[in-house]
Structure formats: C-alpha cells, structure tokens
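Down below is the structure, laid out as structure tokens.
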Amino acid sequence: MERLMRYPVAVIGGGPVGLSSSILLYLRNIPHVLFERHHGTSIHPKACGLNQRTGEIFRQMGVEQAIIAQGAPPDTCSKTASSPSRYVMLPQIRLEPILSRRAKQLNPSGVHYGAEVTDTVGKEDYVELQIKYRGSSRPSEIIQPSYLGIELHGEKDSVDMVTAHIRASIASQYPEPETFITWFINPDMGGSIPETEEWMFACSIRPDDPQKFDNNTMVTRVKKSINIPDLPVEILSVSHWFVNAISAERRYRSINGRTFLVGDAAHRIPPLSALGVNTSIQDANNMIWKLALALRIGKDTSAKDNRTAMQALFDKNHAGHAQMYAGVQRAQTILDTEFKAPGAEIGWFYPTADINNEGQDNYHDGQLNEDGKLNTAKYFPSTIPGHHFPHMWLRKAGHVVSSRDLLCLDKFVLFTADLACWSRVEHELIKVIPIGSKDLEGIDGKWSQFSGVDRSGAVLVRRDGIVAWRSKLAGEDNVNKLYAALTKILRI
C-alpha cells in the first residue's frame, strides 16, 4: 500500500554527510526525512581523518565530545591554535553510529534505514520520490549526477584499490605502536596500515593480481607486505574501490533546481590529506544554512542560486588539487602535504564572497601564493569576506569560550569592539556581539590581531562561520553598506 509523506526537505543517503545534514536541518527547525538504502551504518572503516573545520561543525551538532572519546589518542595528532577543535582520527565505521544516534535522537521518526529511493520526479513546486523499504547492496543510480542531468569532470578510476579491515596480533611486533599510518616501502608489495588489534590495510591492485580480492588473497597480501608469514589474520571486511579526481564543476543542482548534490555525489577526491569526508560535511553545512534561510524567508533564489557561484577555492578544482599531491617529486613535500596541510584544511575560502576584492592586493592575507594557488602548508587567519572566521579564546561570564562558539545557526553575527556604533543594526537576521566588553573579554589580544578592522569597525559572519562582510570603521555610510551587502548576499 502506498503511503504519501510530505516534507520541506528530503535527504537521500545516510552516510556521514546525510546524517550530518539531518542533524543540521533539525537544529535549524527544518522538518525533513532521511532515506538510506542500507539497513544500518557502514560495515567498513573507510574515511578516518576528521579535520578541525569539520570538528567545529560537530561541535555545533553536539557530537564532538562523543567523537573525541571514540577517536585515537590525542598524541596521534599534532596540536594547533587555529581552532577550538582538534584533528581526530576516527574511522567511518565508528563515526556513523555516533551521528546516527544523534540524528535519531533529534528526529526519531524521520531517519529511515533500508529505504531505497527508486525514482525522483521533479515537479514545478516540489520533487516526488518513490521509496522501496527493502534496502540494497547495489549502487543506487538515483543519486548519481548523470540521472539529474549533471556532468562530472576530471580523472575517473585512476587507481584500482582494495582495503581490508582485519584483526591480527601485530601490536607486539609493531615498531611504533603510537603511529596511526605506516607506509610500506617494498619493491614487491605495497600498502598502508593504522591501540587495538584491529587494523586497516590498503593497497593498489597490480596487473598480476586477481581481478577481485577474496579473503584468502587478502590474507596472503597482508602477510607478504608486513613480512610476518605465520601471522594469524582474520578478515572482517574487504572493499574494492577506485581513486577518483572528479567534480561537478559547473552545476550542483538539478535542472529543475530542487535537487542538490553534496559530498561524493558532487565530488570524489583522492584519499591524500583526508579531504573527501571533510569537504563533504563542510559542503552540507554550507548548503543547509542557505536552504534554511530560503525556506524561512520564502525566496527561492536567496540561498540556492549562489550555491555554484560561491563554491570554495578548494571546491572549484579540489579534486585536481588533491590529486596534485601525488605528483610532487620530493618526498618531504609529499609528507608535508599529507600530514601537515593546515592551509588546505582550515585556510580554504570562497573567493567570490570577497565582494569588494579586499584580498586582491595582499594575496588574501597570505593564504594564496604569488602564483595564485592556495598555500596548503600554512594557515593565515583572516576576516576578508569568504574566509573562515578565525578562532580566538574569549572570557564570557567567567568561562573561556571560542569565538566560533558564539556563532548562531539562525542569524548572522556582527562582531565589533564598539557596541555603541553598531547596536542599532541588530534585528531578526543579525545578532551584534561586542568583543572587549566586560561580558566578553579577549584573552590573548587576537581580536586586534586578526579582525582586520579598527576599534570602531565590525565583522559580519554567516551562519556557516564564513565572513560575509566587514567594515574598518563605523559611520552612517558603513551601516548603509552593511545593509547593501546583506541584500546582495541574500538576494532580497
């Protein structure tokens, strides 16, 4: 018997991106439903590195502490002052249950596993989905870009890979047990491994390998690679996959404009630097604040049409950017890019959001090299519009908080050291927060260092934590410029 359900938003896919989308939609009071064709969360480790910008989103979602508790010990990742969140190593097989519990806690009747979307029909004012509650292990064609008339560009299936989740007593023979990833330099074999006796082994498939690795073949490859021939190995799961460097470069929405792509549906990135799951979750965060605003003010174009125009510097060609790492020839450069890339993880920005071209003459405060490419090795905190609003520690009512903790899910935030000059702009879309007042004191002087404005100036931050506008000084003209900028950003 057919059952008709109506929701403002439907999420197709219940991986990290879909579950994060569901949580973020709920926190913005947007009724929605999620459909996942599998009967539960991932059974394979998959992605494992969660960077700091992703951690800040998890912080807003209320899951950061649970993720840290499940993650690798903190000494497996270097520390940094760039964010209130830290880099966390947690495989997707452990991450998804945390996100799933949170999504079902917030929206218990709206998360559906074993529910496959078998068709989508775009209407003038809505999209009709057909669902079969059966689950499937085959790839779904419905959420493929080609089904929606969207083309993916780039290099596809460049390397044939296989990964195995194994249980083996390796720790006692492992030279550095605190090391998370080990690269094997072996003329005959190759692979990479991660305080438990569960490990993930990954390798590329050679021309003389079988087309598909079964469990026995995988055990043989593991033993040869780590050179422990008598090691008992239990295979928990095996996954075959291809390295891709492709993205929907021109459009991220269907022809009728009501179906949007985020995550792997929009871009598939080589695994170096763990950019795939991170850019995907950040993708969702960027999309959902705009959808929520569009639904709230009833403007179809206010948030949606600028989805493509405001793609990140990394989004525009980040598939190729990540692939570029594999082509560098100096070994140290490769390692630095793989393990030390704060500019790529935190410093990427939206160049088209710099509406007054403030970053044109200073290489976006150093985040771009002189050749115009992103400086992936260093992060330069900046409040140029389009940049990630910088983290700084503040004291609020006797408690230490991050500037990132003051952002709102339902409003823009205007930060200023001169409340008297800017308090009148506060309304339903803008919250004004005075930095340097008795109630909110700077601890380390970072506001004056990072803000890029004078004491009477102000910085406007979007709901996804991206700087939307700034003014170096106060004054009637600048207040009018704020309203003009907001109108342009929202297209109202």
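Cβ under 12 Å from ILE93's Cβ, ILE93 left aside: what net charge do those residues give with Lys, Arg +1 and Asp, Glu -1?
On the way: positive: LYS46, ARG94; negative: GLU96, GLU198.
Residues close to ILE93 contribute a combined charge of 0.
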ask   = If the limit is 19 Å between Cα atoms, which of LYS431/LYS481; LYS446/LYS488; LYS290/LYS411; LYS290/LYS373 go over it?
value = LYS446/LYS488; LYS290/LYS373
ask   = For the stretch 393-490, rounded, prolate or oblate, judged on the Cα gyration tensor with a ≥ b ≥ c (square roots of eigenvalues), a/c < 1.5 rounded, else prolate if a/b > b/c?
value = prolate
task = Could you list which residues have their amide H under 5 Å from that of VAL9, counting only those 5 or more apart in sequence or on another chain, with H placed in the peptide plane?
result = VAL33
key: In Hz, Karplus ³J(HN,Hα) per residue of the stretch 90-104 (6.51, -1.76, 1.60; θ = phi - 60°; x = Gly, Pro)   = 8, x, 4, 5, 9, 6, 4, x, 5, 5, 5, 4, 5, 4, 6
note = Here the stretch 11-25 yields Karplus 3J(HN,Hα) values (6.51, -1.76, 1.60; θ = phi - 60°; whole Hz; Gly and Pro given as x) of 10, 9, x, x, x, x, 6, x, 5, 4, 4, 4, 5, 5, 5
³J(HN,Hα), Karplus 6.51/-1.76/1.60, whole Hz, each residue of the stretch 412-423, x for Gly, Pro = 6, 10, 9, 8, 7, 8, 10, 4, 4, 7, 10, 4
Other-chain or far-sequence residues with amide H under 5 Å of LEU368's (modelled H) = ASN375
request  = List the residues whose amide H sits under 5 Å from the amide H of VAL432, counting only those 5 or more places along or on another chain, with H placed 1.01 Å from N in the peptide plane.
outcome  = LEU414
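FYI, it's all coordinate maths here, none of it is from the lab. Not measured: the values here are computed from a predicted model. Glycine gets a Cβ as well: all are built from the backbone with ideal geometry, and neighbour counts include every protein chain shown.
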